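One structure below.
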Amino acid sequence: MKQPAVTMHNVEYTYDRSSVLRQIDFELPRGSFMGLTGPNGGGKTTLIKLILGLLKPDKGQIHLFGQPIQTFKDWTKIGFVSQKSNAFNKGFPATVYEVVSMGLTGKLGYFKFFNKTHKEKIHTAIKSVGMEAYTNQNIGDLSGGQQQRVFIARALVSDPELLILDEPTVGVDAENVDRFYDLLKKLNQEQGITMLLVTHDTGTMTKHATDIVCLNKTLHFHGEPDDYTSLTATDLSKFYGYPVNLVEHDPDEKEELS
Amino acid sequence: MIADFLHYDFLRHTLYTGLLIGIIAPLLGSFIVVRRLSLLADALSHVTLAGIAFALYIDKRWGIVAISPLYGGMIFSVIGSVLIEKLRSVYRAFQELAIPIILSGGVGLSVIFISLANGFNTDLFNYLFGSVSAVSQTDFLSILGISIFIIIVILLFYKELITLSFDEEHATVSGIHAKWIHLLFIVLTALVIAASIRIVGVLLVSALMTLPVAAAIRVSKGFKQMVIMSIIFGEFAVIIGLVTGYYLGIPPGGTIVLTAIFILIATLIYKRIRTAYKGGSSDESTRSRQYA
Ligand SMILES: Nc1ncnc2c1ncn2[C@@H]1O[C@H](COP(=O)(O)OP(=O)(O)OP(=O)(O)O)[C@@H](O)[C@H]1O
Ligand SMILES: [Mg+2]
């Protein structure tokens with residue numbers, strides 16, 4: 001059995017004074033498609049930054065692919081599309097090709113140049129998100145949804161084993177959201193890429209994800225989509241409204257965590 | 001017209017040096033512009049002036065050339081660049097604060113060394129606005145060495161530099177050592193400024209780094225193309241500026257920068273005509289209402 005892509009054990013994180021994450025025990029099995037949801041400010045982006053090593057937990061342990069995060073070096077195994085991807089400098093003169101090629105920078109390492117194989121890889125990644133017609137366009141001239149697809153291509157080009165997407169479909173129209181999920185599903189099923197997807201669009205998420213996690217300072221739910229959809233309205237309103245009172249674990253979750 | 005430049009030794013060194021800085025200034029300038037750090041070059045050029053004034057002061061006070069003004073400027077400029085990086089990490093939320101702090105520090109030091117050396121002389125005037133006759137063979141050879149070094153380092157770190165300039169968070173996540181690449185970049189900028197000052201002068205060096213890029217960014221697709229075009233524009237500005245400056249007896253800093261501005265205007269007009277010809281206004285910089 002392969003090690004899970006991510007495990008967190010009793011992780012806590014505090015910005016300056018305000019505690020954001022508490023008692024996070026969580027496991028992301030390889031090959032799964034996990035949807036992460038929760039209210040604004042619930043700590044989803046913070047959780048992801050902890051996994052990416054951009055923040056250090058105050059307490060607890062994080063393992064990536066079975067290795068303690070402190071000694072983890074294979075960062076190119078993890079592709080990332082940030083919530084702020086679209087906040088880049090729109091005037092930045094970079095073509096789609098150039099932006100996608102940046103996804104290989106870390107993988108190649110210092111003092112290495114792109115060769116023919118790399119260039120083909122870049123074109124393949126652009127094709128996989130259906131943007132080949134725009135290869136030589138400036139990224140700033142594309143629509144928001146198209147830009148988002150380019151950023152996914154940038155994350156894919158290094159052949160990651162885990163793809164982390166923080167609200168990637170914000171500003172993408174309904175038709176393209178569907179195509180986008182189809183693309184993620186294909187990558188998940190055909191290439192076995194583990195997915196961790198943050199979204200507020202729980203409807204679409206429950207259709208595609210294999211695991212669902214709800215986060216509001218602590219983990220409030222961890223289970224399968226069916227269990228999530230069967231949560232009652234009161235459960236959910238409690239979850240969003242009175243986070244501190246409700247830290248009940250359902251049996252499913254216990255099973256998965258042990 | 002250019003015959004004189006090939007005939008006289010001192011002009012030849014100036015011309016060759018000009019051709020070198022016509023490459024390295026827009027090359028570094030491309031990264032400076034896309035990272036919105038245009039004022040950084042100004043801050044560093046004033047620190048460079050302090051180094052030059054320091055070298056001139058030592059020379060005047062003790063009559064020895066302990067360090068040449070070129071190296072004096074370079075040492076100060078590199079120290080200034082490291083300080084800017086430090087300040088930027090201290091004031092995380094107000095990174096632009098580092099620039100006025102270093103700029104005013106540079107001017108303050110310059111004033112002190114200049115007055116200690118008994119005020120302005122023609123030499124200093126040349127440093128402020130550039131000169132066609134100030135490049136010695138030693139200077140030229142030093143600048144040649146620096147230029148080759150800069151070009152090689154940029155080629156080696158091109159992909160890291162562009163990745164970091166575009167998206168710092170993504171670059172960090174993919175394992176690039178952002179702090180070190182920043183430092184490398186800013187030190188290279190300091191070297192370019194020190195190398196360029198003999199010809200364009202302290203006050204106008206940042207213009208040579210940014211104006212050709214400002215023109216290129218309007219008419220190119222992608223980063224690589226923009227770099228190449230900005231170097232072409234930079235070379236144009238340097239050659240035309242040096243020659244006219246020499247024949248009109250004007251410091252070349254002025255003529256080079258004015259040429260660069262003309263190139264910029266020409267590209268803006270070209271872009272206007274082309275968009276008008278295409279019949280639409282796809283110009284993303286015009287956010288105002290299109291029906292006046
Ligand atoms: N850099 C920061 N400094 C201080 N506090 C922060 C910082 N970033 C986030 N926070 C706080 O941490 C909490 C969690 O933020 P986080 O961005 O992780 O939420 P999120 O679940 O991603 O929300 P959203 O759905 O809005 O993206 C918020 O209360 C926020 O105010
Ligand atoms: Mg978030």
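The values are calculated or read from the model by the stated rules, or taken from the named source; none is laboratory data. This is a predicted model, so every value here is computed, not measured. Quick reminder, even Gly has a Cβ in these numbers, built from the backbone with ideal geometry, and neighbours come from all protein chains shown. Surface areas here come from the heavy atoms of the whole protein model, side chains and all, with no ligands, DNA or RNA. Shrake-Rupley method; radii C 1.70, N 1.55, O 1.52, S 1.80 Å.
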**Report entry** Tabulated pairs, region A:34-56, first in a strand (DSSP E or B), second open to solvent by 20 Å² or more (accessible area, probe 1.4 Å) and more than 9 Å from ligand 2 (Cβ to nearest atom), C-beta under 8 angstrom, 6+ apart or interchain
**Finding:** A:M34/A:T210; A:G35/A:T202; A:G35/A:T206; A:G35/A:H208; A:T37/A:H200; A:T37/A:T202
Report task. Identify the single condition in (1) among the hydrophobic types (A, V, I, L, M, F, W, C); (2) away from ligand 2 (no atom under 16 Å from the Cβ); (3) touching a helix residue (DSSP H, G or I) at 6+ places or on another chain (Cβ under 7 Å) that A:L183 does not satisfy, given that it satisfies every other one. Result -> (3)
Query raised in the report: Condition test on A:N89, is it more than 16 Å from ligand 2 (Cβ to nearest atom) and closer than 22 Å to B:V34 by Cβ?
Result: yes
Query raised in the report: Any residue in region A:151-171 that is within 16 Å of ligand 1 (Cβ to nearest atom), open to solvent by 10 Å² or more (accessible area, probe 1.4 Å), part of a loop (DSSP other than H, G, I, E, B) and at positive phi?
Result: yes
Query - Residue in region A:83-104 that is nearest to the other protein chains (Cβ to nearest Cβ), counting only those that are within 23 Å of A:T45 (Cβ to Cβ) and crowded, with 24+ Cβ neighbours inside 10 Å - result: A:M102
Query raised in the report: What do you reckon, is A:G66 over 17 Å from the mean Cα position of the chain (by Cα) and closer than 19 Å to A:I193 by Cβ?
Result: yes
**Report entry** Any chance A:T37 is out of contact with any Leu (no Cβ under 8 Å at 6 or more places or on another chain), within 26 Å of A:L184 (Cα to Cα) and within 16 Å of ligand 2 (Cβ to nearest atom)
**Finding:** no
Report task. Answer with yes or no whether A:F111 is of a type in the set (F, W, Y), within 14 Å of chain B (Cβ to nearest Cβ) and over 16 Å from B:H170 (Cβ atoms). Result -> yes
Query raised in the report: Counting just the residues of region A:61-88 that are of a type outside the set (K, R) and within 16 Å of ligand 1 (Cβ to nearest atom), which one comes out farthest from B:F223 (Cα to Cα)?
Result: A:I62
Requested in this report: Report yes if A:F80 is open to solvent by 10 Å² or more (accessible area, probe 1.4 Å) and within 16 Å of the chain's Cα centre (by Cα), otherwise no.
Outcome: yes
Query raised in the report: With respect to A:G91, is the statement that it is away from ligand 1 (no atom under 13 Å from the Cβ) and either in contact with a Lys or Arg (Cβ under 6 Å, 6 or more places away or on another chain) or not hydrophobic (A, V, I, L, M, F, W, C) (or both) true?
Result: yes
Query raised in the report: Hey, does region B:97-118 have a residue that's open to solvent by 20 Å² or more (accessible area, probe 1.4 Å) and hydroxyl-bearing (S, T, Y)?
Result: yes
Query raised in the report: Do we have B:A53 as touching a Leu at 6+ places or on another chain (Cβ under 6 Å), of a type outside the set (S, T, Y) and surrounded by 21 or more Cβ atoms within 10 Å (Cβ to Cβ) here?
Result: no
Query raised in the report: Would a scan of region A:115-134 turn up a residue that is open to solvent by 10 Å² or more (accessible area, probe 1.4 Å) and either aromatic (F, W, Y) or facing chain B (nearest Cβ under 7 Å) (or both)?
Result: yes
Query raised in the report: Has region A:63-78 got any residue that is within 18 Å of A:V213 (Cβ to Cβ), away from ligand 2 (no atom under 14 Å from the Cβ) and modelled with pLDDT of 95 or more?
Result: yes
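Can you go through A:K112, A:K107 and tell me which one is open to solvent by 20 Å² or more (accessible area, probe 1.4 Å) and either in a loop (DSSP other than H, G, I, E, B) or not basic (K, R) (or both)?
Values: A:K107 fails: either in a loop (DSSP other than H, G, I, E, B) or not basic (K, R) (or both).
Being open to solvent by 20 Å² or more (accessible area, probe 1.4 Å) and either in a loop (DSSP other than H, G, I, E, B) or not basic (K, R) (or both) holds for just one of A:K112, A:K107, which is A:K112.
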Query - Residue, nearest to the other protein chains (Cβ to nearest Cβ), within region B:135-154, restricted to residues that are under 18 Å from the mean Cα position of the chain (by Cα) and of a type outside the set (V, I, T) - result: B:F149
Report task. Examine region A:15-37 for a residue that is open to solvent by 50 Å² or more (accessible area, probe 1.4 Å), within 9 Å of ligand 1 (Cβ to nearest atom) and within 14 Å of chain B (Cβ to nearest Cβ), and state whether such a residue exists. Result -> yes
Report task. Those residues that are open to solvent by 40 Å² or more (accessible area, probe 1.4 Å), more than 10 Å from ligand 1 (Cβ to nearest atom) and in a strand (DSSP E or B), I need them from region A:1-14; list them, please. Result -> A:H9, A:N10, A:E12
Query - Enumeration of residues in region B:97-138 that are part of a helix (DSSP H, G or I) and at pLDDT below 85 - result: B:T122, B:D123, B:L124, B:F125
Query raised in the report: Within region A:81-101, is even one residue among the small types (G, A, S), in contact with a Pro (Cβ under 9 Å, 6 or more places away or on another chain) and in a strand (DSSP E or B)?
Result: no
Report task. Considering only region B:139-247, give the helices (runs of 4 or more DSSP H) lying wholly within it that have at least 3 residues that are open to solvent by less than 10 Å² (accessible area, probe 1.4 Å). Result -> B:178-200, B:205-219
Query raised in the report: Any idea which of B:V243, B:V213, B:V257, B:V238 is within 14 Å of chain A (Cβ to nearest Cβ) and in contact (Cβ under 8 Å) with a residue 12 or more places away in the chain?
Result: B:V213
Report task. Identify the residue in region A:47-56 that is within 13 Å of ligand 1 (Cβ to nearest atom) and open to solvent by 10 Å² or more (accessible area, probe 1.4 Å) and, among all such residues, is farthest from the other protein chains (Cβ to nearest Cβ). Result -> A:L55
Query raised in the report: Counting only residues that are within 21 Å of B:T189 (Cα to Cα) and of a type in the set (K, R), how many does region B:56-91 have?
Result: 2
Query raised in the report: For region A:57-80, how many residues are in contact (Cβ under 8 Å) with a residue 60 or more places away in the chain and touching a His at 6+ places or on another chain (Cβ under 9 Å)?
Result: 2
